[in-house]
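Okay, so here's the structure we're looking at.
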Amino acid sequence: MRIVMIGSGYVGLVSGACFADFGHDVICVDKMPEKIDALKNGQIPIFEPGLDVIVSTNAKAGRLSFTTDLKTAVADADVVFIAVGTPSRRGDGHADLGYVYAAAKEIAAAITSFTVIVTKSTVPVGTGDEVERIIREENPTADFAVVSNPEFLREGAAIDDFKRPDRIVVGLSDERARPVMTEVYRPLYLNQSPLLFTTRRTSELIKYAANAFLAMKITFINEIADLCEKVGGDVQDVSRGIGLDGRIGSKFLHAGPGYGGSCFPKDTLALAKTAQDYDSPVRLIEATISVNDNRKRAMGRKVIAAAGGDIRGKKVAVLGLTFKPNTDDMRDSPAITVIQTLQDAGAKVTAYDPEGMANAKPLIEGIDYAQGPYEAAQDADALVIVTEWNQFRALDLARLKSTMKSPVLVDLRNIYRADEVTAHGFSYSSIGRSEQ
């Protein structure tokens, strides 16, 4: 099929490359000439394991191309995906749909025959209705169907998630779109990935409900971790104990410094705002947002307490800046707030991250960057692990202790055993564990 992907960011580029890998003819469109030029030259603007190979392979095969010319691309398309950003709107927290609606207007002027227009961006309930209205208003003679097809990609594992999905959700109001979308996903459907057809509004809500539930699960175990510290429990054992219940499951029950990233913070907020607008508030999600916001700063205070309660003029080494490993995404990363809390208390911060430092520099001012974990730890009064990159899981503790001014290790991801760390002479703090 001839597929156009409008937006060559995280979702658009991964989805477009994977569709091309299925054998479809895919054109990725973006407004930014420099991004398109880079992609044409094989330069990937984001870090996602395996993406460079899949883009290069399909570009060479002629199935994947890049352009800034939306009109020409859309004119010949069977399916047009809208995969542009929907950031939180300043002032009220609602999803900013400006890019989605602008894309809809341009699509309306470009379509020449029956076209299925698919919203892949994460959008609030009712957005598909508005996209349809805009296109009809801009081009009353256009022959099209608007579909909702949310993405469920995890950064760092996006290609595998796309090719082996738990489910494919398609929301439609025009039955002509059903066989088209079935053909788009035929390679996955043949592998028995569940293809769930719903109404358009239901599909839009599924995406928000899924992300909100996962965010709530993370926040739940973080609150249990705090309780474990007060009563002498071990949150990792609690996680195992409840996660073995098939009704609960073990995923997203890992205590840490709070959730971040491009999805959970903005999607929980957008869902809460939408629910308020419809006079059907989601109190659990509102509490999740509040608890998570407060937690990030509390983690900064935890580091200060571990370092003796006063860190003015002291050096703190921070390992990990991205919101999770295997990505360079800094959006709403807990590290940002943790570092700001340390700076507010007068600390001097040196940080290291394998992939995120370039994106961190515009977001975090007044810190130094190191070329590795041991350089970051040089003469540090405390070291804090914020992101659980694999290279931080087996640090040479003897070397670390010898390079630090004071052997204080704060492990916000629970990747070490307390006895292992304290045996090397460290003062060790982790999350929700009684052996501290």
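Computed values, structure above
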| read-out | value |
| --- | --- |
| Checklist (1) surrounded by fewer than 15 Cβ atoms within 10 Å (Cβ to Cβ); (2) under 30 Å from LYS405 (Cα atoms); (3) under 18 Å from the mean Cα position of the chain (by Cα) applied to LYS251, failing item | (2) |
| Close pairs from region 49-63: first free of Cβ contacts under 8 Å to residues at least 12 places away in the same chain, partner open to solvent by less than 60 Å² (accessible area, probe 1.4 Å) and not in a helix (DSSP H, G or I), Cβ under 7 Å, at least 6 apart | ASP52/ILE44 |
| Selected residue (criterion: farthest from GLN276 (Cα to Cα)) from residues of region 113-142 that are of a type in the set (Gly, Ala, Ser) and in a loop (DSSP other than H, G, I, E, B) | SER113 |
| Residues within region 259-312 that are within 25 Å of the chain's Cα centre (by Cα) and either among the hydrophobic types (A, V, I, L, M, F, W, C) or not in a helix (DSSP H, G or I) (or both), tallied | 20 |
| Tally, over region 153-180, of residues that are assigned to a helix (DSSP H, G or I), in contact with a Phe, Trp or Tyr (Cβ under 8 Å, 6 or more places away or on another chain) and in contact (Cβ under 8 Å) with a residue 40 or more places away in the chain | 1 |
| Positions within region 70-96 being modelled with pLDDT of 95 or more and in a loop (DSSP other than H, G, I, E, B), in sequence order | ALA77, ASP78, ALA83, VAL84 |
| Where a residue in region 417-435 is under 18 Å from ALA377 (Cα atoms) and its partner, wherever it lies, is surrounded by fewer than 14 Cβ atoms within 10 Å (Cβ to Cβ) and not aliphatic (A, V, I, L, M), with Cβ under 6 Å and at least six apart | none |
| Some residue of region 367-379 being in a strand (DSSP E or B) and in contact with an Asp or Glu (Cβ under 6 Å, 6 or more places away or on another chain) | no |
| Residue check for ASP396: modelled with pLDDT of 95 or more, exposed (fewer than 15 other Cβ atoms within 10 Å of the Cβ) and of a type outside the set (Ser, Thr, Tyr) | yes |
| Answer residue from region 313-351, given it is outside any loop (DSSP other than H, G, I, E, B) and either out of contact with any Gly (no Cβ under 9 Å at 6 or more places or on another chain) or among the basic types (Lys, Arg) (or both) and is farthest from LEU383 (Cα to Cα) among those | LYS348 |
| Within region 1-41, considering residues that are of a type in the set (Val, Ile, Thr) and out of contact with any strand residue (DSSP E or B) (no Cβ under 7 Å at 6 or more places or on another chain), the one least open to solvent (accessible area, probe 1.4 Å) | VAL14 |
| Filter result (of a type in the set (Lys, Arg) and under 20 Å from ALA17 (Cβ atoms)) within region 181-206 | ARG186 |
| Extreme residue, least open to solvent (accessible area, probe 1.4 Å), among residues of region 143-152 that are under 25 Å from THR72 (Cβ atoms) and assigned to a loop (DSSP other than H, G, I, E, B) | ASN149 |
| Residues (among the charged types (D, E, K, R) and in contact with a Pro (Cβ under 6 Å, 6 or more places away or on another chain)) located in region 396-432 | LYS401 |
| Selected residue (criterion: farthest from ALA73 (Cα to Cα)) from residues of region 99-112 that are among the aliphatic types (A, V, I, L, M) and either open to solvent by 60 Å² or more (accessible area, probe 1.4 Å) or part of a loop (DSSP other than H, G, I, E, B) (or both) | ALA109 |
| Matching entry among LEU284, LEU321, LEU342 (being of a type outside the set (Lys, Arg), at pLDDT 95 or above and surrounded by fewer than 22 Cβ atoms within 10 Å (Cβ to Cβ)) | LEU284 |
| Count of region 216-235 residues which are assigned to a helix (DSSP H, G or I) and farther than 15 Å from SER429 by Cβ | 11 |
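The values are calculated or read from the model by the stated rules, or taken from the named source; none is laboratory data. Source: prediction; values computed, not measured. Counting neighbours? That spans all protein chains shown, and the Cβs are built from the backbone with ideal geometry, glycine included. Just the protein is used for accessible areas: all its heavy atoms, side chains included, with ligands, DNA and RNA removed. Shrake-Rupley method; radii C 1.70, N 1.55, O 1.52, S 1.80 Å.
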